1. What percentages make up the Cα-Cα pair-distance distribution of the chain when the bins are 5 Å wide from 0?
2. Angle check, please: helix 69-85 long axis (alpha carbons) against the longest principal axis of the chain (alpha carbons), in degrees 0 to 90, nearest 10.
3. Can you give the angle from 0 to 90° between the axis of helix 45-54 and the longest principal axis of the chain, with both taken from C-alpha atoms, to the nearest 10?
4. Considering all projection directions equally, how large on average is the shadow of the alpha-carbon convex hull of the range 5-85, in square nanometres?
5. Per residue, what accessible area does the range 59-142 have, given a 1.4 Å probe and all protein chains present, in Å²?
Amino acid sequence: MAGKKLTCLKCAQVNRVPFDKLSAGPKCGSCSAPLMPSKAIEITPAILAKAAANDDVPLIVDFWAPWCGPCKMMGPEFDKAAAELSGKTRLVKMNTQEHATISSKMRIKGIPTMIAWQNGRELKRQSGAMKMWQIVNWVPEG
């Protein structure tokens with residue numbers, strides 16, 4: 001079956017979704033969670049590792065912390081970008097305060113930092129707060 005591999009952001013099950021179903025609200029075959037959420041959701045380092053390694057659709061991660069002013073300003077913009085890009089790419093968040101070792105593992109020098117992954121490769125990264133349209137324009141084509 002042709003399609004795109006997507007790791008469930010809730011249970012970490014890898015699913016294959018037909019191309020024409022990506023924007024039709026596909027759900028995980030194991031837990032029924034949405035595979036292409038229209039809002040940025042928090043994920044764990046384990047799910048990030050699996051999704052970054054397996055997903056055929058771009059995965060954009062916002063590394064942030066609750067005490068960070070620019071992160072707080074960018075949060076709603078990131079959610080708007082997630083809604084705009086729904087069905088094309090997935091935007092997720094990683095709390096660097098909750099997952100303290102992730103910053104050094106990912107070589108994060110400042111927050112907010114966005115990193116894009118696809119097919120097991122880091123495609124690009126950007127530090128600093130951005131508006132919704134800047135995020136949408138920054139995202140690589142899937």
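The values are calculated or read from the model by the stated rules, or taken from the named source; none is laboratory data. Here the structure is a predicted model, which is why all the values come from computation and not from measurement. These area figures cover heavy atoms from the full protein model, side chains too; ligands, DNA and RNA do not enter into them. Shrake-Rupley method; radii C 1.70, N 1.55, O 1.52, S 1.80 Å.
1. The calculated distribution, bin by bin, is 2, 11, 22, 25, 21, 13, 5, 2, 0, 0.
2. Here the helix axis deviates by roughly 20 degrees.
3. Approximately 50 degrees, to the nearest 10.
4. Working: hull surface 21.4 nm².
Seen from a random direction, the Cα hull of the range 5-85 projects 5.3 nm² on average.
5. On the way: 4230 Å² over 84 residues.
Result: 50 Å² of accessible area for each residue.
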